[in-house]
Ligand SMILES: [Zn+2]
């Protein structure tokens, strides 16, 4: 691999395409903005500049070119990142000598897939072909979904891998072959094979469906250096473009469900490989979509694990809608029998998560012996949803729980506050500490040399046009001691649009304003729900400015330079401060 090749790869890549696979980018001026994938934030401070093929986060300071982005987000070494990007643009790179003798695991997986694919088309694959056609998965779809067949032999795959020169260690590491007492044998036997690829299309695992009714109906590749079940979604690599385009995802349980949906024109569908969804899977979906339709079998959708997964989706920022299928029918069967139009109808009748949750607890709420537990479960779940997101359903929730609306809001807030407090205590910190900046934020502050509260004041004005119009310069300026922030606030209060300002700063390469904004937003995000950052920050800055004035007058008085009015003002401040919560 030489540097000309690396330049060639970079030339053929657009950083927007690569980064766009991981975060949702919004255009702003010449650049794009997103929530940072490297640190947790609620207001975006991560920017990509396509003209310079460069990314930078003003919140955590990470930045660089497309290669450093891939290294960072995939946890890859430099050569591995290059290899991945080279594959993406179709450049074959010369691997160095040490690599040439060694099979890398991806190559082993691709070789295994080739064997499974060939085996489906071979004479021995007839039973599998019959099964697929009987399941209405016609021949023309097999290559599109790379469906294969693992014959019911103990060493069919291993013999062929061995013949190709693949060492047993690599085959075992990939989870393809198992080391038993009598030697090596194949993991997948007598199973239809579904290859599982990650978001950028690397083959990482297989799912196998038994057709003879032997063993578990479905088995997957076990956890391996390549495969982490909780971090991938079946068909995401082909669904992501449609997800982005339509702004929505359809989440199903099974391989066949996902394939059927794709065939029927719902290319935005992915399968979760089980109902116990993980936070990582939820985040994967939210990278590409805003709404997620959950379409599980009726029997499993109401189960605790499934519900928990739906709230993870909600917590990742998705709007969650639950599709209610008739009992005993999975999405594959429904589409095969009823067709696309009926499925669209189902989608349009889907229920928002809170309403779905109410519906499945309807019976329990009416049963005196179950009611208390159901109410607690519902309140706890709802308290994880922000009040604005919950607002459209408040009256329905209130009437189902038989509480007045205003009381419901308080119950939810209390539930939420108790939960955070309990979690904080578990983590060994007092609930109060969450309003203070944490250590890493303090570091940012030091390197920026900006007062976090002043930055927060700027961020609050930035995010709220109402406040910008409502407050006058002479009210705000005395609260700010940093001249640079004063300039920024002046621009805002004088009516410059945030879009224009942001564009100008990005184009000029002036980092200070956006860094300050990121710091301010991060500071505001530390507040617990129900506490107004504006009231707290303005209150504290006001107090600070009053104390500052007092010190000024006090030293004047000591020097004998204070006049009558100034001494009067000083006395007034002193009594004000005494009456206040804090002592000077
Ligand atoms: Zn960041």
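Looking across segment 376-410, the residues that are part of a helix (DSSP H, G or I) and either buried (at least 18 other Cβ atoms within 10 Å of the Cβ) or touching a strand residue (DSSP E or B) at 6+ places or on another chain (Cβ under 7 Å) (or both) come down to 378, 379, 381, 382, 383, 390, 393, 397, 400, 401, 408.
Summed over segment 490-535, residues that are under 30 Å from residue 390 (Cα atoms) and not in a helix (DSSP H, G or I) total 7. For beta carbons closer than 7 Å, sequence separation of 6+ or different chains, a first residue in segment 57-68 that is over 13 Å from residue 34 (Cα atoms) and a second that is within 12 Å of the ligand (Cβ to nearest atom) and not in a loop (DSSP other than H, G, I, E, B), the qualifying pairs are 62/72; 63/55; 63/56; 63/57; 64/55. Within segment 467-489, the presence of a residue that is under 29 Å from the mean Cα position of the chain (by Cα) and outside any helix (DSSP H, G or I) is excluded. Applying the condition of being under 36 Å from the mean Cα position of the chain (by Cα) and farther than 30 Å from residue 89 by Cα to segment 153-185 and asking which residue is surrounded by the most Cβ atoms within 10 Å (Cβ to Cβ) yields 177.
Every condition in (1) assigned to a helix (DSSP H, G or I); (2) surrounded by fewer than 18 Cβ atoms within 10 Å (Cβ to Cβ); (3) within 14 Å of the ligand (Cβ to nearest atom) is met by residue 4 except one, and the failing one is (3).
Determine if segment 55-67 includes at least one residue that is more than 16 Å from the ligand (Cβ to nearest atom) and either surrounded by fewer than 20 Cβ atoms within 10 Å (Cβ to Cβ) or assigned by TED's automatic domain parsing to the domain that holds residue 283 (or both). Among the residues of segment 55-67, at least one is more than 16 Å from the ligand (Cβ to nearest atom) and either surrounded by fewer than 20 Cβ atoms within 10 Å (Cβ to Cβ) or assigned by TED's automatic domain parsing to the domain that holds residue 283 (or both), which makes the answer yes.
Residue 48 meets the stated requirement of being within 16 Å of the ligand (Cβ to nearest atom) and at pLDDT 90 or above.
The values are calculated or read from the model by the stated rules, or taken from the named source; none is laboratory data. In this text the structure is predicted, and so the values were computed from the model without any measurement. So basically every Cβ, Gly included, is an ideal-geometry build from the backbone, and we count neighbours across all protein chains shown.
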